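Handing you a structure now.
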Amino acid sequence: MTNQHPILHLFLLYVLLNAARTSCKSTIEPCSDTNSCNALLGYTLYTDLKVSEVASLFQIDPIDLLTANAFDISYSDVDHHILPSKLFLKVPITCFCADGIRRSVSTHYRTRLSDTLSSIADSVYGGLVSPDQLREANSIADPSLLDVGHNLVVPLPCTCFNGSDNSLPSIYLSYVVKPMDTLAAIAARYFTTLTDLMNVNDMGSAVISDGDILAVPIPACASNFPKHATDFGLLVPNGSYTITASHCVQCSCGPQNLDLYCIPSSLAVSCSSMQCKRSNLTLGNVTVQHMSSGCNVTSCNYDGFVHGNILTMMASSLQSHCPDQQRFPPLRAPPSSVARESVVAYAPSVSPSQPPLPSQSPSSASEGTGLTAPKSSVMPATRSFPVFSPANGHVGRISSAAPSLVNHIPILLPSFMLLLITLM
């Protein structure tokens with residue numbers, strides 16, 4: 001009996017030391033301005049959720065969620081389509097400068113009876129936030145006394161890095177590392193290099209741990225709209241598209257180049273003229289004239305949304321080779337299943353002060369599965385992304401640690417049992 005207390009002390013010391021070694025890290029970007037940028041969150045659904053429920057969880061427009069993941073928005077009643085548990089999504093958010101670091105602070109969550117800070121952080125928001133961050137952001141003195149209906153601010157990780165990577169337009173994805181991930185595999189998945197990922201995240205080695213949050217640069221198509229345009233600074237990640245100009249214009253990026261290409265949206269109902277001045281060409285039209293020296297290419301391009309008007313501009317150039325027909329990123333139907341185990345959980349609760357944003361897509365009586373593919377305004381094509389050379393290095397990256405014992409207790413128990421047997 002006299003040895004019980006020393007054994008307990010040794011076990012607690014071992015737990016603390018192991019936690020320090022296996023703490024989760026997150027890349028942080030210091031900031032001092034008031035500018036914001038578009039960013040992405042890598043989010044894995046913890047249960048089956050409608051498109052509108054996922055959008056409400058992050059207080060974004062359902063259309064933005066669908067387009068960021070190259071889902072076809074022309075499906076009937078797409079807002080009510082049920083997305084399967086364990087589906088990985090890219091969630092578009094606005095990244096602000098708050099308290100000297102980049103993060104998103106526009107998301108709120110209303111607590112329910114069964115909620116704890118850990119369940120909200122680790123399950124509902126998929127590890128994008130920690131229980132300690134929730135507690136600090138909401139000045140919660142005792143996490144065990146979480147009031148039902150409490151409106152929580154959910155600080156979410158994001159980075160801007162001036163919207164570029166190696167001087168090329170990029171949007172940054174906050175990616176939560178999973179147990180079987182390697183840095184090399186993540187780099188290959190997002191068409192970048194191991195060196196670039198290490199430089200972006202200020203890493204001395206390629207070692208990563210489950211729960212780490214990495215900033216992953218995704219190549220993007222940049223716009224050159226006037227500063228007074230409401231969509232000034234528009235960036236579209238490669239392999240996706242976006243809806244702008246009050247749902248009148250659809251702009252896509254890729255797959256064969258990083259040139260922004262815009263056409264009238266399938267959601268367009270009441271829109272201003274999209275015809276280029278002194279021309280019979282409308283937005284997205286391209287003409288090619290074969291010449292002995294090459295091809296004279298003329299196009300009607302989108303130039304921003306100003307005071308409710310869609311601006312267009314003519315562009316002409318002499319090219320040595322005639323361009324291929326413009327291709328679009330391949331669109332897919334909103335999925336209804338993934339390879340997964342059966343998961344049952346409650347749908348999320350969102351803040352009453354920020355109701356779900358209404359979708360502008362057409363509605364019908366159908367929802368969930370069994371959808372048929374209507375004619376889309378976007379033509380699918382074979383995906384082909386560029387691969388960039390190693391980075392030259394980034395400045396101002398800081399890695400922060402947020403210890404967590406939850407995922408490491410099972411690893412510690414065998415060691416503790418062996419220590420206990422030895423000492424007995």
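The values are calculated or read from the model by the stated rules, or taken from the named source; none is laboratory data. Just so you know, these numbers come straight off a predicted model, no measurement behind them. Cβ coordinates were reconstructed from backbone atoms using ideal geometry, including for glycine residues, and neighbour counts include every protein chain displayed. Ligands, DNA and RNA are stripped out before the accessible areas are found, and what is left, the full protein with its side chains, is counted by its heavy atoms. Shrake-Rupley method; radii C 1.70, N 1.55, O 1.52, S 1.80 Å.
Going by amide H atoms built from the backbone, whose H comes under 5 Å of the H on ALA70, apart from near neighbours?
TYR241
Relative to the present Cα-Cα distance, how much length would full extension add between LEU145 and THR94 at 0.36 nm per residue of separation?
15.2 nm
Using alpha carbons only, how many angstrom separate the centre of the range 177-199 from the centre of the range 117-167?
Using only Cα atoms to place each centre, the spacing works out to 24 Å.
What's the extension gain from SER279 to HIS321 if we count 0.36 nm per residue and subtract their Cα-Cα distance?
The span from SER279 to HIS321 would gain 12.7 nm if fully extended.
Another question, then. Let a ≥ b ≥ c be the square roots of the eigenvalues of the Cα gyration tensor of the range 76-147; is it rounded (a/c under 1.5), or, if not, prolate (a/b larger than b/c) or oblate?
oblate
Going highest first, how would you order 142-151, 186-195 by mean Cβ packing within 10 Å?
186-195, 142-151
Cross-link partners among lysines for LYS227, C-alpha distance below 28 Å, same-chain residues fewer than 8 apart left out?
Reachable lysines: LYS90, LYS277.
Tell me, how many Å apart are the Cα centres for the range 38-63 and for the range 224-257?
For the range 38-63 versus the range 224-257, the Cα centre distance is 20 Å.
Determine how large the accessible area of LEU183 is when every protein chain is in place; take a 1.4 Å probe and give Å² rounded to the nearest 10.
We get 0 Å² for LEU183.
Rank by packing, highest mean first: peptides 124-136, 241-253, with packing defined as the count of other Cβ atoms within 10 Å averaged across residues.
Order by mean packing, descending: 241-253, 124-136.
Have a look at THR298, CYS276, LEU318 and report the one farthest towards the positive end of the charge dipole of the range 226-327, computed about the Cα centre with Cβ charges (Lys/Arg +1, Asp/Glu -1).
CYS276
For THR282, enumerate residues with amide H under 5 Å from its amide H, sequence gap 5+ or separate chain, H modeled in the peptide plane.
CYS276
Right, another one. Leaving ligands, DNA and RNA out of it, rank SER139, SER336, SER56 by accessible area with a 1.4 Å probe, largest first.
Result, largest first: SER139, SER336, SER56.
On the protein heavy atoms, probe 1.4 angstrom, tell me the percent of accessible surface of the range 198-330 carried by carbon and sulfur.
That fraction is 49 percent.
How would you order 306-313, 65-72 from highest to lowest mean count of nearby Cβ atoms within 10 Å?
65-72, 306-313
Still on this structure: Which lysines have a Cα less than 22 Å from the Cα of LYS86, not counting those fewer than 8 places away in the same chain?
Partners within reach: LYS50, LYS178.
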